[in-house]
Structure formats: structure tokens, C-alpha cells
Amino acid sequence: MKTKFLSTIVVCLCFSISVAAQDYLNFTVTNNTGVDLQFIHVSESNKNYWGKDLIPDDVFLAGDTFIVSLPITKYTICAHDMKVTDFEDDYAILEGVNLCKYDKITLYFDRYGTLTWSLEVSN
């Protein structure tokens, strides 16, 4: 009886851990803009406010990459907007990034000098 009870607890714990590991939208952000960035704020596209700054340090250096994990709730949607601000307080807003599908975001300037992004799925 004790063995069956302990086995049930172990199975439940393993299931809980695997579910908990999937309760985040995980993605990387790479700064290929050529300039250092001061802030990156993300919010769901249907919200009227920005979330907290995601940059783990005080500066997101050109060429660096960092990992972001956003908690998922039953109300989470996939489409997110991203506000990227440099040290001259210039900013750009990237709209409609599907964080359920893509897990690599690379920021760069297009040939017109407009901040844009590329999206990828990890292999």
C-alpha cells in the first residue's frame, strides 16, 4: 500500500513539474541594431499599458542576446507588442509578435533606418 501511494505521489510531482515548465512564453531577444538599448517593454496586444522593462541589466548592448520568460495565465493571448527605447529616448513599437509560435526575436534597422525585427522558431 505504501509503495503504491509513494508511486502515485512521484507521478503527480513529475506531472506538476512538466506542466509548470510549460507555463511560460520563453523567447530570446537579440540586439543587432548597432546601438545600445535602454528599455524593452512587452505587453499583450490587447492591453493599454506596458509591462516592466525586460532588459536584465541596465543596458542591452549591441550584439547581445537575452532570454525572456513571461508567465502564462488562462487569459494570456499570443499576440504581443514590444516597445524598444534607446539611450536618446527614441523608441519604436513592434506590433503583433506571436510569442506562441516564435521564440527568437532579432532587432535590427532596415535599409531606411526603421527599427524592425525578424522572427524565428528554434529547431
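The residue that is surrounded by the most Cβ atoms within 10 Å (Cβ to Cβ), among those in segment 56-73 that are among the hydrophobic types (A, V, I, L, M, F, W, C) and over 17 Å from Leu99 (Cα atoms), is Phe60.
Pairs meeting the criteria (first residue in segment 90-109 and on the phi > 0 side of the Ramachandran plot, second residue buried (at least 16 other Cβ atoms within 10 Å of the Cβ) and of a type outside the set (Phe, Trp, Tyr), beta carbons under 8 Å, at least 6 apart or on different chains) are Gly96/His80; Gly96/Asp81. For first residues located in segment 57-73 and touching a residue at least 12 places away in the same chain (Cβ under 8 Å) and among the aromatic types (Phe, Trp, Tyr), partners that are surrounded by 13 or more Cβ atoms within 10 Å (Cβ to Cβ) and in a loop (DSSP other than H, G, I, E, B) and lie 6+ apart or on another chain with Cβ distances below 9 Å form the pairs Phe60/Asp36; Phe60/Leu54; Phe66/Leu54; Phe66/Ile55.
Going by the conditions given, is Thr85 assigned to a strand (DSSP E or B) and not aliphatic (A, V, I, L, M)? Yes: the conditions hold for Thr85.
Looking across segment 91-119, the residues that are surrounded by fewer than 16 Cβ atoms within 10 Å (Cβ to Cβ) and part of a strand (DSSP E or B) come down to Tyr91, Ile93, Glu95, Gly96, Asn98, Lys104, Tyr108, Phe109, Thr116, Ser118, Leu119. Any residue in segment 11-38 that's closer than 18 Å to Asp89 by Cα and assigned to a helix (DSSP H, G or I): show its pairings with residues that are at pLDDT below 50 and charged (D, E, K, R) at Cβ separation under 7 Å, as long as the two are six or more apart or on different chains. Sorted first by the residue in segment 11-38, then by its partner, the list stays empty.
The values are calculated or read from the model by the stated rules, or taken from the named source; none is laboratory data. Computed from a predicted structure; not experimentally measured. Every residue, glycine as well, gets a Cβ built from its backbone with ideal geometry; the counts of neighbours run over all protein chains shown.
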